[in-house]
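Nothing in this text is a laboratory measurement; each read-out follows from the coordinates by a stated rule. What you see is a predicted model; the values in this text were computed from it and never measured. Quick reminder, even Gly has a Cβ in these numbers, built from the backbone with ideal geometry, and neighbours come from all protein chains shown.
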Amino acid sequence: MDLRKRAYGVLMGVALGDAMGMPSELWPRDKVKEYFGEITGFLPGPEEHFVAAGLKAGEVTDDTNQTVKVAEAIIEQNGRVDPRTVASKLIEWVKENDAFSNNMLGPSSLRALKAIDEGIPIEEAGRLGDTNGASMRIAPVGIISSPAHLDRLVDNVEQACLPTHHTNIAIAGAAGVASAIATAMESDSLDEIFSNAVKAMLMGYRRGNRTFGASVVKRTYWALRIVEECAGDEEALEDLYDYIGAGVATTESIPTALAIVKLADGDPVKAALYAANLGGDCDTIGAIACGICGGFTGIDGIPAHYRNRILEVNRLDLEALSYKLAAFRE
C-alpha cells in the first residue's frame, strides 16, 4: 500500500479515536456506562462535562491539535525533529486556545510549557514529565521513521519529548507508540507491531531523566495477555480498566492503548469505540490506538462518513500534512 495512504490513515486515526472518546473523556467507567449506555458513534460533549461541554459530535480535542502542531514543527524543519520548534508550535497552540487557563492541557505539558514561556531553559522544563502527553502527539515521528532504524526513531522521539516529557518513562512510552506506528505502516502483522513497540520502549528507557514508576514494558505484556485470555470484549475492557488502568499515566494508557489495538484486530473504528466506552483518559487512549490502527489499514480502513464528519467539523487538512510527513520517511 502507498505509504502516503498509510500516513493519512495514521493522522485520521488519531482524530477518529480522539473525537470518538471526547464525550466520555476523563469520566470513570461506571459513569460512562450510566450516562451513555454504549457509545456507538460520534456524540457531542455533554453539557455538564468539565472539558468537553460545547464540543460538537466529531470534534477533536488537544490530542489531535497538538499532533498537528508536532507535524507542522517537523515539516518546518524539513523532516528534522527540533525540540525548540516543537515547543514553539505547542506554545503557539496554547496561546491561540488560552490553554494555560482552561482544562485543555495535561499536567506535564501545562507545567513545562508555562515554564518555557516564562524563560526556563528547554532542557530543564520537561525533566519531571512522565504522563502521556508526549505519547498522544508522537504520531508524526512514527510516520517519518522506519522500523528498520529504531535507534534513529528513538533519537527523534527523545527530541520531541525534550520540552515537556524528558523522563525515561515518558520517552519509553512515546517510543513504543512511534515504533508501533512506524511498523504498522509497513507490516501486516500485529505481533510485529507489538514486538517493535517493546524494543523501542526498552531503548527509550535509557534516555532522559530517570524517574520511578511501573514498567511500561511489563504492563504492555500484561495488557496483551488480558486480551488473549478474556472470554469477550467487555470482559477485556473491564480488566484493562481495573488492572492496567486508563489514567493519564504513561504506564497505564500506553499498555492499554496497545491492548485495544489487539482487541480490535487492527480495525480503527472498533478501536475507537472500545476506547470511547472504556472511560478514563479515553480520548488519548483512542487517539493512540487508532493512530496505530490507521497506519495498519491505511486511510481506506476508516469509512468515509467518519472521515467526512471529522473534516467538516474540524477544518483540518490531515491529508496534506500526512503526505508531507511521508515524504520525509527514512
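Quick rundown of the values:
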{"read-out": "Count of residues meeting criterion [within 14 Å of the chain's Cα centre (by Cα) and assigned to a helix (DSSP H, G or I)] in the stretch 132-190", "value": "25"}
{"read-out": "Residue match in the stretch 281-304 (condition: of a type outside the set (D, E, K, R) and free of Cβ contacts under 8 Å to residues at least 12 places away in the same chain)", "value": "yes"}
{"read-out": "Residues of the stretch 237-285 that turn out to be within 16 Å of Lys33 (Cα to Cα), out of contact with any Cys (no Cβ under 8 Å at 6 or more places or on another chain) and not in a helix (DSSP H, G or I), as a count", "value": "3"}
{"read-out": "Single residue of Thr251, Thr256 found to be over 19 Å from Gly58 (Cβ atoms), without any contact (Cβ under 8 Å) to a residue 60 or more places away in the chain, β-branched (Val, Ile, Thr) and in contact with a helix residue (DSSP H, G or I) (Cβ under 6 Å, 6 or more places away or on another chain)", "value": "Thr256"}
{"read-out": "Breaking point among (1) in contact (Cβ under 8 Å) with a residue 60 or more places away in the chain; (2) surrounded by 16 or more Cβ atoms within 10 Å (Cβ to Cβ); (3) more than 19 Å from the chain's Cα centre (by Cα), for Met20", "value": "(3)"}
{"read-out": "Subset of the stretch 258-273 [under 15 Å from the mean Cα position of the chain (by Cα) and within 15 Å of Asp239 (Cβ to Cβ)]", "value": "Leu258, Ala259, Ile260"}
{"read-out": "Residue in the stretch 66-84 that is crowded, with 22+ Cβ neighbours inside 10 Å and farther than 26 Å from Ala112 by Cβ present", "value": "no"}
{"read-out": "Within the stretch 196-227, tally of residues that are part of a helix (DSSP H, G or I) and either in contact with a His (Cβ under 7 Å, 6 or more places away or on another chain) or of a type in the set (Lys, Arg) (or both)", "value": "4"}
{"read-out": "Residue satisfying condition, being touching a residue at least 24 places away in the same chain (Cβ under 8 Å) and within 24 Å of Ala271 (Cα to Cα), within set Ser145, Ser189", "value": "Ser145"}
